[in-house]
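All remarks here apply to the structure that follows.
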Amino acid sequence: MRTAEISVQNGQYRLSTLLLLLILLLIFGAVTVHGSPAVNDIIFRKIKEQKIVLPPGDSLKFNYQLINQCSNRHVQMKYGGKRGRVNARGRPSSNFTHLTFISLSGGIILVRGAETKKYLCFNRKGRLVLKHNYHKKRCAFREQVSRGDYIRLRSAEQPAWFVGFRPNGKPLPGYAIRNSRKEVCYDFLRKRLFNSRTNTNSPIQGIDMKKLLEIIQRGKANR
């Protein structure tokens, strides 16, 4: 009886894997024909639904712009000073507003400026800074759904800290979200970007379909 149960479970596991891969193949087929930018959101959702854990060293990279609700402008990472500057005053046409979301294992997200190659981080005082090399804790975020289409970026190290900006675009302290009047300043609309650097219609950066399927298969095997 035990052997039969294991056989059934293995069969269900293989079927689940095949169904997921089929869904991804259909999605990428649609992108090839229609160039739909919704593919990255669908992939993220399917990965979360299947509770796939990415193997160590693997990551998925997606290109976005973030629009802050308080400033109604784009988040940008610019050169300046020793480490650069981050604010929410950017224009949609500026390359400094192009952000790369790097999805790691365990739901961790890194945010890196596509132009400056610097990472968005919190310092010890809860202030937003940019760093050349990401700190595993202070530069790690988790995405949280706020309301409607808005999202929030919460510190993985300090769950009470969130990324936010004032109406003038200057960064807010991560802990200021406790002020209910400023709470909306921590909400963002996320805009998908095509990967113009590689001249492809995919919003996914640095990974192809074969690589994605390999990661998913290894991730499921590590569950």
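Observations, loosely collected:
- Considering only residues in segment 59-73 that are part of a strand (DSSP E or B) and either of a type in the set (F, W, Y) or free of Cβ contacts under 8 Å to residues at least 24 places away in the same chain (or both), the one that is surrounded by the most Cβ atoms within 10 Å (Cβ to Cβ) turns out to be F62.
- Considering residues of segment 91-101 that are touching a Gly at 6+ places or on another chain (Cβ under 8 Å) and assigned to a strand (DSSP E or B) only, the residue surrounded by the fewest Cβ atoms within 10 Å (Cβ to Cβ): T100
- Boolean, Q158 is in a loop (DSSP other than H, G, I, E, B) and either without any contact (Cβ under 8 Å) to a residue 40 or more places away in the chain or within 14 Å of L66 (Cα to Cα) (or both): yes
- Residues in segment 114-137 that are in contact (Cβ under 8 Å) with a residue 24 or more places away in the chain and under 17 Å from F165 (Cα atoms): L120, F122, K125, G126, R127, L128, V129, L130.
- Lone unmet requirement of (1) out of contact with any Asp or Glu (no Cβ under 8 Å at 6 or more places or on another chain); (2) buried (at least 19 other Cβ atoms within 10 Å of the Cβ); (3) part of a helix (DSSP H, G or I) for K182: (2)
- For R166, the conditions (1) surrounded by 15 or more Cβ atoms within 10 Å (Cβ to Cβ); (2) without any contact (Cβ under 8 Å) to a residue 12 or more places away in the chain; (3) not hydrophobic (A, V, I, L, M, F, W, C) are fulfilled apart from (2).
- Residue list for segment 135-152, filter: hydrophobic (A, V, I, L, M, F, W, C) and farther than 21 Å from C70 by Cα: C139, A140
- Here the condition is being touching a strand residue (DSSP E or B) at 6+ places or on another chain (Cβ under 8 Å), buried (at least 18 other Cβ atoms within 10 Å of the Cβ) and modelled with pLDDT of 95 or more; of L193, L153, it holds for L153 alone.
- Residue within segment 177-185 that is among the basic types (K, R), modelled with pLDDT of 95 or more and over 15 Å from N63 (Cα atoms) present: no
- Failed item in (1) under 16 Å from L172 (Cβ atoms); (2) basic (K, R); (3) assigned to a strand (DSSP E or B), with K125 passing the rest: (3)
- From the list A140, A160, the one residue that fits, being crowded, with 19+ Cβ neighbours inside 10 Å, among the aliphatic types (A, V, I, L, M) and over 21 Å from R89 (Cα atoms), is A140.
- Hey, G107 at positive phi and under 17 Å from the mean Cα position of the chain (by Cα) or not: yes
- One residue stands out in segment 102-122 among those that are in contact with a Leu (Cβ under 9 Å, 6 or more places away or on another chain) and outside any strand (DSSP E or B): the one that is surrounded by the fewest Cβ atoms within 10 Å (Cβ to Cβ), namely G106.
The values are calculated or read from the model by the stated rules, or taken from the named source; none is laboratory data. Worth saying up front: this structure is predicted, and the values here are computed from it rather than measured. Virtual Cβ from ideal backbone geometry, glycine too; neighbours counted across all protein chains shown.
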